[in-house]
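See structure below.
The values are calculated or read from the model by the stated rules, or taken from the named source; none is laboratory data. Since the model is a prediction, treat every value here as computed from it, not as a measurement. Using ideal geometry, Cβ is built from the backbone for each residue, glycine included, and neighbour counts are taken over all protein chains shown.
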Amino acid sequence: MISDDAPSRIPEPRRRTRFASHGTAHDTTQGHRTGRSQSSGSRRRRGGRRPGLVQVKKEWVISALIGALLLMAVAGFWVLGRMHSGGNEGLMVVDRSAASTPLEKWHGPIPSVVAERFVEAKSHEERMGLIRNPGQVGPTMEAFFKSGPGATERIQGFQWLTNGSSGGLAFETYTVELANSPARLLSVSVDPQGAKVDFECYARWGSVPLGDLLSGKAPEAAEVRVILEPGGYYLYAFSDEQKWLHFKATSPDLPETLDFYLDREDPSARDIQGSQSRFFPATLAIRSVNGSEKRRQFEVTAVKALEWVEPN
């Protein structure tokens with residue numbers, strides 16, 4: 001800690017003090033040196049102006065040194081002040097152990113603990129107490145872990161991935177590593193009233209299986225979860241580039257890429273175009289147009305969220 005009187009500890013320029021004293025002694029002694037020869041006096045007169053010039057030059061050097069010291073001291077105080085006031089946030093390392101700690105009064109376990117309990121749960125009853133909208137998604141989750149993908153997936157571990165938001169809902173996302181399947185995203189709401197897992201995000205749930213859409217068995221889906229990437233493919237029913245925005249859509253549940261098209265007049269078009277990411281998750285409603293599913297092309301009829309978590 002540097003105290004307020006730190007500048008007073010900057011050493012005084014002693015050379016200037018000694019030089020001034022020497023100059024004074026020189027002047028006093030010079031008045032009593034009457035036994036010198038005339039030639040010596042002449043030499044002093046010829047070079048009489050040099051000591052003054054040297055003194056001025058030394059004064060400049062000393063003044064410059066003092067100025068430099070003062071600038072260094074001021075810069076040091078400024079840096080320390082920035083460090084104590086939090087002004088170095090651009091270099092701050094975030095402690096993930098504290099990131100889940102809410103600032104207001106919290107009810108129940110924090111998000112990281114909820115995520116851990118979910119991946120370690122052994123029964124449907126344990127998971128039911130950890131998810132959002134249990135009455136709505138409970139039956140789907142039970143089938144997922146009893147006879148669906150969750151019945152055979154072996155969880156190896158999980159780790160924090162990122163913070164996100166969907167509408168007014170904030171959440172933390174973790175990646176769950178599986179021994180025999182692609183990793184899954186586990187999103188936990190950051191809610192002081194109780195953190196909850198979004199099961200539909202974890203399961204990549206869709207109202208209709210993607211395979212049924214591709215086969216033509218289902219002409220539309222009210223909800224699908226995919227990864228979007230801006231593209232430039234305009235053919236067949238979606239050949240009008242002035243009307244459509246094209247996106248490549250991928251999913252760990254599909255071996256092939258799909259082509260999605262959003263009307264440029266759709267209110268969500270501006271939000272998607274303003275995305276800073278090359279790839280981003282999205283929850284969409286889609287439909288085929290005049291047999292477009294045969295070419296893996298679908299129209300986006302609604303953008304529900306630019307995440308796999310819906311805010312409601």
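For the stretch 128-137, a residue qualifies if it is part of a helix (DSSP H, G or I) and touching a helix residue (DSSP H, G or I) at 6+ places or on another chain (Cβ under 6 Å), and the qualifying residues are Met128, Pro134, Val137. The residue that is farthest from Ala143 (Cα to Cα), among those in the stretch 153-177 that are among the hydrophobic types (A, V, I, L, M, F, W, C) and touching a helix residue (DSSP H, G or I) at 6+ places or on another chain (Cβ under 8 Å), is Trp160. Gly216 passes every criterion in (1) surrounded by fewer than 16 Cβ atoms within 10 Å (Cβ to Cβ); (2) modelled with pLDDT under 95; (3) touching an Asp or Glu at 6+ places or on another chain (Cβ under 7 Å) apart from (2). For the stretch 149-164, the tally of residues that are exposed (fewer than 15 other Cβ atoms within 10 Å of the Cβ) and within 23 Å of the chain's Cα centre (by Cα) stands at 3.
In the stretch 272-288, the residues that are more than 11 Å from Val226 (Cα to Cα) form Cβ pairs under 8 Å with partners that are in a loop (DSSP other than H, G, I, E, B) and modelled with pLDDT of 85 or more, at six or more places apart or across chains, as follows: Ile272/Leu306; Ser275/Leu306; Arg287/Pro219; Ser288/Gly216; Ser288/Pro219. With respect to Ser165, is the statement that it is in a strand (DSSP E or B) and polar (S, T, N, Q) true? Against the criterion (in a strand (DSSP E or B) and polar (S, T, N, Q)), Ser165 qualifies. Of all residues in the stretch 267-306, those being over 16 Å from Lys243 (Cβ atoms), modelled with pLDDT of 95 or more and in a loop (DSSP other than H, G, I, E, B) number 3.
Screening Glu172 with (1) outside any strand (DSSP E or B); (2) farther than 20 Å from Leu254 by Cα; (3) among the acidic types (Asp, Glu) gives one miss only, at (1). Of the strands (runs of 3 or more DSSP E) entirely within the stretch 191-266, those holding at least 2 residues that are among the β-branched types (Val, Ile, Thr) occupy 220-230. Scanning for something surrounded by fewer than 16 Cβ atoms within 10 Å (Cβ to Cβ) and more than 21 Å from His107 (Cα to Cα), does the stretch 189-210 turn up at least one residue? Yes, because at least one residue in the stretch 189-210 is surrounded by fewer than 16 Cβ atoms within 10 Å (Cβ to Cβ) and more than 21 Å from His107 (Cα to Cα).
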